[in-house]
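Only the coordinates and a few stated rules stand behind these numbers; no lab work does. If you're wondering where the values come from, they're calculated on a predicted model, not measured in any experiment. In this analysis, Cβ positions are derived from the backbone assuming ideal geometry, glycine residues included, and neighbour counts consider all displayed protein chains.
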Amino acid sequence: MRLRSRLLVGALAVIAVQVIVVVLLVQRQLTSSLQRDAVAALAREAKVVAAHWASAPDPDALAKADGRALGHRVTLIGPDGVVVGDADVAREDLATMENHSSRPEVIAARAGDVGLSTRTSPTRGDQELYVAVNAGALGVARVSMSEYSLTSAIDTAHEIVIVAGAVSLLIALVVAWTLAQRIAQPVGELTDVAKGIAAGDLSRRASIAPAGELGELALSLRELSEQLAARDNARHAYETLLEQLTESLNEGIVGVDAARRVARINDTARYLLGVREALPFSVDLLPRDRALRDALNAAFAGRTTEDSEAVIQGHTVNVTARPLESGGAVLALFDLTRVRRLENVRRDFVANVSHELRTPITIVSGFAETLVNDDVDPDQRKQFAQRILVNTQRMQRIVDDLLDLSRIESGSWAPNPEDVDLDVAAAEAVTAARDAAKAKRVAIDADIAPDARVVHADVTAIRQVLGNLVDNAVRHTSAGSVTIFSRATPDAIELGVRDTGSGIASEHLPRIFERFYRVDPGRSRDQGGTGLGLAVVRLLVEAHGGNVRAESMLGTGTTVVAEFPRRV
């Protein structure tokens with residue numbers, strides 16, 4: 001809404017509110033005063049009628065005579081509530097009138113008060129004001145009048161006030177229109193200039209220079225726009241350079257001013273520190289890490305801190321702090337998390353591989369040294385050669401599994417999904433493991449659900465998953481059974497292997513898919529396990545976008561389930 005309109009509407013609103021308030025006050029006061037006076041007058045008249053009734057032999061004649069004299073309706077009501085006289089009702093119709101014992105004014109009068117009630121009269125058909133007084137043993141004397149005579153005076157005063165208000169409103173409209181014309185035009189132009197400056201158009205200038213405060217405002221806007229233009233150019237160049245510089249760094253940068261407020265922080269630092277607050281914010285909102293706080297305090301004390309390593313929000317970070325001449329400090333954060341993790345992985349990997357290969361290498365070396373001698377019995381020579389072969393095959397399986405893990409994790413292998421018949425894949429896995437299962441008196445079979453016979457996955461990966469799971473189940477089952485099964489869920493096809501072997505304790509279940517993790521290391525090595533089979537299974541299934549889980553209880557067996565998402 002424009003200024004001119006607001007001025008006009010404001011003036012009209014003020015006058016309108018005043019008129020409404022005056023009308024309401026006058027109406028309220030007049031209504032209250034007139035009604036109070038009318039009630040008092042009717043009460044006096046009712047008492048006069050009651051006094052006349054005591055000496056009148058004919059109540060109905062008295063009611064009609066007093067009614068004519070007073071100009072109001074007079075009603076005489078007996079002790080039993082029967083109307084014995086009424087100024088507006090013929091004598092012969094009195095018997096048809098309702099009993100008045102329940103009328104509120106009659107009840108109040110009998111109690112010794114002045115009875116008062118307002119309602120529509122069934123006789124006259126208009127709104128009536130009833131006032132009744134106690135006439136002793138004779139009953140109740142009541143006088144009533146139409147409320148029209150009261151409201152007519154109020155309506156007349158109301159009309160006068162409304163006319164006066166309308167005249168005031170018209171005068172205010174003329175005055176407001178004149179003032180609005182003189183004020184709105186220059187203010188409107190200055191407003192447009194200010195909006196242009198606020199929107200970034202610093203070339204806008206006011207073309208008018210009115211006298212007084214508006215003229216001073218126009219001049220101030222001109223000077224303001226010129227100063228803002230110069231400062232904005234300098235600020236924009238500086239902000240652009242600073243932002244490009246900090247965001248291009250792989251390090252996290254945090255700038256803290258002398259008031260210990262973070263004034264600058266790049267996205268890398270926000271990620272490393274887990275900070276989301278808008279700038280500027282207090283350094284108290286930074287993580288409360290001791291190394292970070294010590295580095296900041298040292299910088300505020302004028303000292304430079306370098307190569308301080310800390311673990312913050314799960315990230316291993318190298319913290320460097322330098323003081324600023326202005327009294328603030330700059331923190332540089334370099335994320336070492338990946339480096340430390342790779343170092344740990346490499347260290348664990350080397351240790352695990354060395355540990356896994358040491359035993360078979362030692363065995364092969366020992367038997368080979370024995371076979372060098374010519375005096376070895378032929379039967380023992382054959383036995384030693386067999387042990388060398390078994391341990392060589394075990395080392396070969398470890399190397400093969402390591403190569404598979406390396407190939408999958410490096411990204412050089414990606415699944416080539418196609419529709420795989422699980423009946424065929426399960427039959428191949430059963431055939432491959434039948435000899436090993438027979439040697440341990442383990443029954444092996446397949447239970448492929450009719451609605452889960454086809455899975456969209458890499459056929460080589462399915463064979464390897466089933467082969468590893470079945471081999472693992474047979475090795476940990478004695479004189480029991482191993483079952484390959486499948487089942488359908490709304491989102492995936494589940495392929496699993498269930499055995500009745502020794503089972504796995506619950507504390508080991510979360511870790512069985514880690515490489516080289518064994519529940520019983522000695523037993524697994526004796527049975528030819530590499531400790532890598534389930535890790536390979538997990539990586540193959542996850543490469544398809546699925547997941548793998550294990551369910552087991554000691555003494556009852558283990559179930560491993562691989563979920564392959566349905567084809568979209």
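Approximating the spin labels as points 7 Å out from Cα along Cα→Cβ, the D445-to-A61 distance works out to 12.5 nm.
Estimated at 0.36 nm per residue, the fully extended path between A258 and R293 surpasses their Cα-Cα distance by 11.1 nm. Please work out the FRET efficiency for the pair T191 and L279, using the Cβ-Cβ distance as r and a Förster radius of 35 Å; give the result to the nearest 0.05. Result of the calculation: an efficiency of 0.65.
Summarising the label geometry, the points placed 7 Å from Cα in the beta-carbon direction at L509 and S308 lie 4.5 nm from one another.
For the peptides 222-229, 318-325, 131-138, residues were scored by their other Cβ atoms within 10 Å and the scores averaged per peptide; the highest-first order is 131-138, 318-325, 222-229. Packing, as the average of other Cβ atoms within 10 Å across residues, places the peptides 494-503, 546-555 in the order 494-503, 546-555, highest first. Of the peptides 445-453, 326-334, the ranking by mean beta-carbon count within 10 Å, highest at the top, reads 326-334, 445-453.
Which net charge results when you count Lys and Arg as +1 and Asp and Glu as -1 among the other residues whose beta-carbon is under 13 Å from that of A61? So the environment of A61 carries a net charge of -1. Fewest-first ordering of I408, I484 by other beta carbons within 10 Å of each residue's beta carbon gives I408, I484. Residues whose amide H comes within less than 5 Å of that of I493, counting only those at least five positions distant or on another chain, are F564, R566 (H built at 1.01 Å from N in the peptide plane). Only Cα pairs under 8 Å and 6+ residues apart enter the sum, and on that basis the relative contact order of the range 3-152 stands at 22 percent. Cβ-Cβ distance of L228 and V9, R₀ of 35 Å, FRET efficiency by 1/(1 + (r/R0)^6): the value works out to about 0.55.
Mind checking the dipole of the range 231-347: about its Cα centre, +1 per Lys or Arg Cβ, -1 per Asp or Glu Cβ, Debye to the nearest 20?
360 debye
A Förster radius of 51 Å, combined with the Cβ-Cβ distance separating V376 from H456, puts the computed FRET efficiency at roughly 0.35. The mean sequence separation of alpha-carbon pairs under 8 Å and at least six residues apart, normalised by the residue count of the range 414-565, gives a relative contact order of 24 percent. Relative contact order of the range 249-335: 32 percent, from C-alpha pairs under 8 Å at least 6 residues apart in sequence. Fewest neighbouring Cβ atoms within 10 Å first, the residues R567, R463 line up as R567, R463. Net charge of the neighbourhood of A332, taken over other residues with C-beta under 12 Å away and scored Lys/Arg +1, Asp/Glu -1, is -3.
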